[in-house]
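Down below is the structure, laid out as structure tokens.
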Amino acid sequence: MLAARETIAGRVHRTPTLTSASLGRELGVPVYLKAELFQRTGSFKPRGVLNKLASLSAEEKARGVIGISAGNHAQALAWGASVEGLDALLVMWQGASAAKIAATRGYGAQVDLEASGPGDAFDRLSELLIETGRTLVHPFDDPVVLAGAGTVGLEIEEDAADTDAIVVAVGGGGRIGSPHVFGAA
């Protein structure tokens with residue numbers, strides 16, 4: 001994670017760690033909130049995306065990138081690819097948030113909406129990987145992406161060193177799915 005922090009330094013926001021007096025009173029312990037909503041694209045996802053994009057070879061970058069997501073990773077990969085001057089294709093699915101689809105397109109990515117749901121979307125991703133030869137930037141099953149996401153933990157450690165427990169909201173599980181995120185790696 002330390003190497004990831006160096007790789008993405010100056011390219012993402014160091015988001016604030018805020019206290020919550022009302023939650024602290026309710027729970028009887030100090031409570032901190034890591035405000036990743038202030039991160040570029042509104043989530044922690046650009047941390048992992050930028051770390052992954054920095055690891056790609058010139059040939060991998062030239063092929064363009066592809067990812068899969070209902071929203072946050074899609075937006076982050078679209079934004080990161082735009083910053084890096086890369087062509088991006090995101091597999092999303094019917095029923096994904098219209099606002100997240102629009103934001104993904106707004107960052108310059110192509111969006112494939114052929115899939116009817118998440119299961120079909122992974123099948124569609126496999127098809128498009130073969131058809132296009134693009135480089136996969138997986139939203140959660142990649143140690144380089146997870147190391148980038150783990151930089152959130154480094155900031156929490158610096159800002160709230162007395163923390164005994166961390167509660168993480170889980171959507172797809174990309175932030176909490178590996179010891180690389182909030183562990184000793």
Result of the Cβ filter at 6 Å on the range 97-117, keeping first residues that are more than 23 Å from GLU131 (Cβ to Cβ) and in contact (Cβ under 8 Å) with a residue 24 or more places away in the chain and partners that are in a loop (DSSP other than H, G, I, E, B) and aromatic (Phe, Trp, Tyr), at least 6 apart or interchain, is none
Residue match in the range 106-117 (condition: surrounded by fewer than 16 Cβ atoms within 10 Å (Cβ to Cβ), of a type in the set (Ser, Thr, Tyr) and outside the structural domain of TYR32 (by TED's automatic domain parsing)) = yes
Apart from one, (1) modelled with pLDDT of 95 or more; (2) within 13 Å of the chain's Cα centre (by Cα) all hold for ALA70; the odd one out is (1)
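The values are calculated or read from the model by the stated rules, or taken from the named source; none is laboratory data. Source: prediction; values computed, not measured. Backbone-built Cβ (ideal geometry, glycine too); neighbour counts: all protein chains shown.
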